Amino acid sequence: MSSSLPENLAKCGLSATFLSAAERAWQHAPFLRGIMRRDPQWLDEIGRTGLDGFIAATMAGVHAGQDVPLALRHARRRIALGTAIGDLAGAFDLSQVVHVLSDFADLAIDSAIRSAFHDRVPGASPDGFTALALGKLGSRELNYSSDVDLIFLYDGDRIARRPDEDPERAAVRIARRTAEILQQPTRDGYVARVDLRIRPDAEVNPVAIPLRRAEIYYQSEALTWERAAFIRGRVVAGDMAMGEDFLTQIAPFIWRRSLDYTAVADIEDMSLRIRDHYDERQTFGPGFDLKRGRGGIREVEFFAQVQQLIFGGRDPSLRASDTRSALTALQQAGHVEPALAASLAAHYERLRNAEHRLQMREDAQTHSIPTRKDDRAAFAALCDAAGYRAWASTVMPGLALAAEAYDELTERAERPPVPRGSALADYVASSGATPRGEIVKLIEKWRTRKYRALRSDAAQREFEQALPLLIEAFAGLRSAANALRRFDDFLAKLPSAFRFFALIAANPALAGLLARVMGHAPLLAGKLARRPDLFDAMLGGARQALGTAEEFHIAAARIIGRAADFERALDAARHWAGEQRFRIGVALLEGVATPAAAARAYADTADAVVSALTSAVFNAFSRDHGKVPDADPIILGFGRYGGRALTEHSDLDIVFLFSGDHTVRAANGTGEALTAAGWFNRMFQRLVSALTVPTAAGPLYEVDTRLRPSGAQGLLAVSLDTFAAYQAKEAWTWEHMALTRARIVIGHDHADAIQDIIDTALHRDRDPKRLRDEVADMRADMMRAHPGTGPFDVKHGRGGLIDLEFIIHYCQLRSHRGLFTDLVEALTALVDDGQLPKALLGAHRSLADYLIISRLVEGATKGPGGAATRALVAARCNMKDWAALKADIASARRIIAAEWKRQFEKGSTT
């Protein structure tokens, strides 16, 4: 480091005061030393014209050359040197320094915009394109090495653009070119770093925003901190009139008359997050951040801005943009004691001056006290202090005063039950919720009002009241992280949260219900995230009886039947069925419904939807293709659907039939005259599509039609006569086993004929040994395809429900007894008949209950992973704990496996 100015600079003609300032700059500020070396004539110019003349000439010279980027960089170095000399010499006070820096930035931004327009459309003016400055440039308090926070707005009807160019494309390119001119480093340096992230929805919006979109955003969507930023908003370049008009339009939404302390809680959040982030630098000393540290620049600014937001809506005199003027206005209005206002203003000025000395050393955007001793000494010398300790002694009292004042201000705010800042982690830890770090991050994210549902002050107030209840509820889970992530997905899609959180705050039990759904039932949680409107169904499932089959039919017919057209009918069906299935799942999870009752309700829901959609499809198809005389659609349910024992994941096993002569042709249609066979096959194919094709309203059901005559090789729908003939002459044994659970879903007018077909098929004489061997072989084939995955695969593994179903069907076909579609009724009859042991009834109930409840929770075939989820599953299976349930399942499977062996070991004809 050179100890003094070179001789040529020392003879530059500066006054003694200015020469001393230049000497300090040369010794302690490498950036300024570099400027003086490169352009030594500038010190002489300052000596001849004075600082005001030097700066005025600099401003005037910006437009002198054709190369705008070069001219701006040249001017920026002159401004940097001139303001530094004036500052160090005491010729400029803080106001003069920041005003010169800000005015040059205004000029540079305007020059860059005009240059960008000229490059694209020669001779064009920036009409319809404006630059708004926020932050310190907005309040004309720009730092020595500060970013400029800009928002570019444009009017698509007025902006100059190339032929056939889209207005947005033109505006974005002008904005990008403007930023490039200002901040791209060259051998001549840069002009200003540009920060465009403060624009509306910066993550999704382009760098230039349509004027009308910005107006709507700030009038309806902007967060409190975004509105607060416009306390220091100012038009700096481009179409000044357009910018001023925009600020006038949004002023009522910035300065709201009804704003209260709760509404500015997110401003406090920002301050606390900054404070916590710099916690390692809170103790004053080397590394301390003068801007973000306790009692630093930002806390003084926030102290003023928070009160401006609170009171400025009713008192326009408080709307000063710069911090010291704001403190004066607050003092004059009686909101801040005169002594405190004066002390804070003096402290703020002291910190800002020190900040400039830090930044002029290396032209770096730093606010931290140097950690190296030599650098601290140089910094203190620039501050004209005897040493670092001497400088520090002048600052420390103000830091303590500002921190105390800010803390007192925030303590006046309405305090939420859950603290902010570093205290939040302690609160979460005390609740027992884990993992603490991830939960804290989620809560902090919700408090930023990022989600639409949490943007309003009212929603935030209700959220804060509900938050302790939610934390307590989620803490009851083994690990709250997964559940809270699901809850986060739900919040992200929730259109409005006010009523939701108000309900939780008023009914704490709802928090527990929500936590259980999110923590134990990811399937239900996923549905709730996709359809937040299901929250009402969740409440209903937790409180109300499931309803009867007749009630389901009436509701589905009314909702689906009143749809304006077929597409809306499909959406209505999906919405209604989704709501009912969700409600059933919640009722099962909460113990309002037993697993068996839930399984029946799932089937009743499917019946109601199939019935309503069949009517819709039948009527629509009839309008196009006429009706087949004396012919009706018939739908039979098989398997779990036929037995009215569906789970959340069950497919619908269906066989489609029709009554009447399959050769008769439809009449009175506008399209092709189809035979009955063609008509019903096409109609039922449309119904299958209606049930299975995904729409925007979500999935409905998977439909399995492989149990129809001739399986996948046969027609989708056959006549009753064809079905009768097939069952009597061609059906395999396994098809008759399936027929034991055939139930009429549509076509009850033909119940007698259908029952005759089923009875004829099931009452035929069979060779007991051959029947036993066929059933055993079929089960062996299934076992090879689905061998089971462990002790909790209660369906496929040995001793599981499929084994039991095969045992029952074998006994039904062999004895012609117990021919009920409901498996429990069938098993009960066979037990009463002495064919099967009574222990199978308990075994079936144990496995069936577990299967039904496990379809809602994680780890169905391997066992739920979380202790709390296991306890819940055990309770819903009427077991005292998980160990008891495990033992019960194992015992049930042993009982069924033993009966399988007794029924199907070689030579047995039991």
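Derivation of every value follows stated rules applied to the coordinates shown; laboratory data play no part. Note that the structure is predicted; figures quoted are calculated from it, not measured. Neighbour counts run over all protein chains shown; Cβ positions are idealised from the backbone, glycine included.
Within 10 Å of each residue's Cβ, count the other Cβ atoms and sort Thr614, Thr323, Thr605, Thr283 from fewest upward. Before the final figure, lay out the partial values.
Numbers: Thr614 21, Thr323 24, Thr605 27, Thr283 11.
Going from least to most buried by this count: Thr283, Thr614, Thr323, Thr605.
Dipole magnitude for region 521-760: computed about the Cα centre from +1 point charges on Lys and Arg Cβ and -1 point charges on Asp and Glu Cβ, it is near 580 debye. Convex hull volume of the Cα atoms of region 765-904, normalised per residue: 101 Å³. With respect to the chain, whose longest principal axis is taken over its alpha-carbon atoms, helix 167-183 is tilted by about 50°. Rounded to the nearest 10 degrees, the inclination of helix 436-447 to the longest alpha-carbon principal axis of the chain is 70 degrees. Taking the C-alpha atoms only, the angle from helix 240-254 to the longest principal axis of the chain is near 60 degrees.
So, by mean Cβ neighbours within 10 angstrom, what's the order for 644-654, 702-712 with the highest one leading? Kindly include the intermediate steps, with their values, before the conclusion.
Working: 644-654: 21.7, 702-712: 15.4.
Peptide ranking by packing, descending: 644-654, 702-712.
Under a model in which nothing but the beta-carbon of Lys, Arg (+1) and Asp, Glu (-1) is charged, the chain shows a dipole of about 1620 debye around its Cα centre. Ordering 890-900, 520-530 by mean Cβ neighbour count within 10 Å, with the highest value first, yields 520-530, 890-900. What the phi angles of region 829-834 give under the Karplus curve with 6.51, -1.76 and 1.60, with θ = phi - 60°, is a coupling list of 5, 5, 5, 4, 7, x Hz, glycine and proline written as x.
Each part gets one Cα centre, and for region 754-805 versus region 177-235 those centres are 70 Å apart.
Using alpha-carbon pairs under 8 Å, 6+ residues apart, how would you state the relative contact order of region 439-508 in percent? Present the calculation step by step, with values, prior to reporting the outcome.
Values: 58 pairs, mean separation 32.8, N = 70.
That works out to 47 percent.
Under the criterion of Cα pairs below 8 Å and six or more residues apart, the relative contact order for region 481-619 equals 27 percent.
Suppose only helical runs count, i.e. DSSP H with n ≥ 4. What mean residue ellipticity at 222 nm does that imply for the chain under -39500 (n - 2.57) per run, divided by all residues and rounded to the nearest 500 deg cm²/dmol?
Numbers: 39 runs with 547 residues, N = 910.
Mean residue ellipticity, 222 nm, calculated: -19500 deg cm²/dmol.
Taking other residues whose beta carbon is less than 11 angstrom from the beta carbon of Asp375, and scoring Lys, Arg as +1 and Asp, Glu as -1, yields +2. Exposure proxy for Val610, Val395: other Cβ atoms within 10 Å of each Cβ, ordered fewest to most, give Val395, Val610. Going through (i) 36; (ii) 46; (iii) 25, the figure that equals percent of Cα pairs over 49 Å apart as computed for the structure here is (ii). Beta bridges per DSSP, both residues in region 521-760: antiparallel share near 70 percent. With the highest mean first, a sort of the peptides 846-852, 224-230, 405-411 on other beta-carbon atoms found within 10 angstrom per residue produces 846-852, 224-230, 405-411. I'd like to know which of Val610, Leu484, Cys811 lies farthest towards the positive end of the charge dipole of the chain, counting +1 on Cβ of Lys and Arg and -1 on Cβ of Asp and Glu. Positive-end residue among those listed: Cys811. Taking 31 Å as the limit for the C-alpha separation, the pairs Lys527/Lys886; Lys769/Lys838; Lys838/Lys886; Lys11/Lys291; Lys769/Lys886 exceed it in the case of Lys11/Lys291; Lys769/Lys886. Positive-end ranking of Ala890, Ile254, Ile35 along the dipole of the chain, with charges on Cβ about the Cα centre, is headed by Ala890. Across the chain, the relative contact order, built from alpha-carbon pairs under 8 Å that are at least six residues apart, equals 7 percent. Reported to the nearest whole Å, the Cα centre-to-centre distance from region 457-512 to region 1-65 is 62. Fewest neighbouring Cβ atoms within 10 Å first, the residues Ile802, Ile109 line up as Ile802, Ile109.
Could you work out the local net charge near Met879, counting Lys and Arg as +1, Asp and Glu as -1, over the other residues with Cβ closer than 13 Å to its Cβ? Result for the neighbourhood of Met879: +2.
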